[in-house]
1. Kindly evaluate G235 against the criterion of being under 30 Å from E444 (Cα atoms) and either surrounded by fewer than 17 Cβ atoms within 10 Å (Cβ to Cβ) or not charged (D, E, K, R) (or both).
2. Looking at the structure I just gave you, is T88 within 30 Å of I281 (Cα to Cα) and among the polar types (S, T, N, Q)?
3. Quickly run through segment 97-141 and pick out the residues that are out of contact with any helix residue (DSSP H, G or I) (no Cβ under 6 Å at 6 or more places or on another chain), of a type in the set (G, A, S) and not in a helix (DSSP H, G or I).
4. Considering each of T153, T175, T126, T167 in turn, give the residue that is within 17 Å of E400 (Cβ to Cβ), of a type outside the set (A, V, I, L, M, F, W, C) and not assigned by TED's automatic domain parsing to the domain that holds V241.
5. Could you tell me which residue of segment 29-74 is surrounded by the most Cβ atoms within 10 Å (Cβ to Cβ), considering only residues that are within 29 Å of F282 (Cβ to Cβ) and among the aromatic types (F, W, Y)?
6. Return the residues of segment 194-212 that are among the aromatic types (F, W, Y) and surrounded by fewer than 24 Cβ atoms within 10 Å (Cβ to Cβ); say none if nothing qualifies.
7. Among (1) assigned to a helix (DSSP H, G or I); (2) touching an Asp or Glu at 6+ places or on another chain (Cβ under 8 Å); (3) not hydroxyl-bearing (S, T, Y), where does A425 come up short?
8. Quick one: which residue in G360, G261 is assigned to a loop (DSSP other than H, G, I, E, B) and either touching a Pro at 6+ places or on another chain (Cβ under 9 Å) or touching a residue at least 40 places away in the same chain (Cβ under 8 Å) (or both)?
Amino acid sequence: MQISFLGAAGTVTGSKYLVTSGERRVLVDCGLFQGLKVLRLKNWARLPVDPSSIDAVVLTHAHIDHTGYLPLLVKQGFRGKVYCSEVTLSLCQLLLRDSAHLQEEEANYANKRGYSKHKPALPLYTKEDAEIALERLVAIPVGQEIEILDGITVKLQLAGHILGACTVLLKDEKTSILFSGDLGRMEDPLLCAPTAPEAADYLVVESTYGNRLHEKAAPETQLAEVINRTAKRKGILLVPVFAVGRAQEVLYYIHKIKQEGLIPDIPVYLNSPMAVEATLIFLTHHTQHKLSAAQCRELAGVAKVVTTVEESISLNELREPAIILAASGMLSGGRVVHHLKALGPDPRNTVLFAGFQAVGTRGAALLDGAESVKIHGEYVPIRAEIASINNLSAHADYREIMQWLDQCPKPPKQTFIVHGEPVAADALRHRIEEEKNWNVMVPEYLQTVELNGNSSQ
């Protein structure tokens, strides 16, 4: 068996890990690169391996940086099945369709305004491509070992992070390898803690927060403070959210602090059709989260749902305090970008980040103090307050990752650190080596490792 790191090596995005066993090839995750242009350009380059030679794909969860390349993979010749949990399949139907819609919308807008260098600007893939890819998805039960190819088995276990997210244990006749996917928090308010890892010969673990600890301050207290000072200025709070996971968590906390009288009763708008549908999926899968049926009903009524483009545009004309939740979480596209363009120049308003911002995204630039960001081909001045709540992240911090690793029944022969910026990945490598005395490496992009300890480029 060997593994090739086709993404999420030296970065937190573009997750793709190719496992080869004899003549059989399995791709674990199939994500888009996001953030820096040098990374996004990789989405346009042909995959380093022939997609038609891949026999199967296994997904850890539905986020686009783990699934968004699927339409291209199928378009380029992949003809196998894509295995995932039932909830991940449902969420992929939303996310991949939305991703294709955004690709087409961005290309159309660029052509209309003439700011693209390409004539005409084309989408990375279309809604038709997404629909064809979705036909490949097959749901498999969590907690059961399933043979997906002759002699190749997969076992999914819940990983927290978002609804339906799983770790992946992949085995052939001789070797086993466990992929953490994105690990959730040990004490998440909505989702259960990640399932303890099973014994495996090799381990691939994420490191998004490999060099950081989440703040201990209660997120609802921080959220209330931001809302109150924005409302006092008669401003509008714009919260870029990931439609799956973060939107539901922020709604949960807004409802909580409203009930406790910690913030004024100002209107809340959920301006993401996909987040609305994702919330409905969340509410119908009671066994995978901590909320009761009554709490789910309350959550569904927290915000006014914005569905039409006209309603979305009208939010930019609000003159009284309000809270707007809109996707995407890193300001990489979607309705939130239009809101930022309209609301960002006004110092009464606040942009509140509630999750990780990858290098090269507008969100990361604003957190680094950028006074303007490029939107639709022009630079927009940002005078609004920029705030963040770091302990709302859906990713385990390094202490929680170490807690998860402490539950391993035996040390792996080799642990690979992926899905982290270089400093974070190396910090986690050092910590695991020092505290656990395991063999650890941080693989490079396109590196192939024979799972007997020999490495080749």
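The values are calculated or read from the model by the stated rules, or taken from the named source; none is laboratory data. What you are looking at is a predicted structure, and each value in this text was computed from that prediction instead of being measured. Every residue, glycine as well, gets a Cβ built from its backbone with ideal geometry; the counts of neighbours run over all protein chains shown.
1. No, not satisfied.
2. Yes: the conditions hold for T88.
3. G114
4. Within the list T153, T175, T126, T167, the selection yields T167.
5. Here the residue is Y69.
6. Y202
7. In the conditions (1) assigned to a helix (DSSP H, G or I); (2) touching an Asp or Glu at 6+ places or on another chain (Cβ under 8 Å); (3) not hydroxyl-bearing (S, T, Y), A425 misses (2) alone.
8. G360
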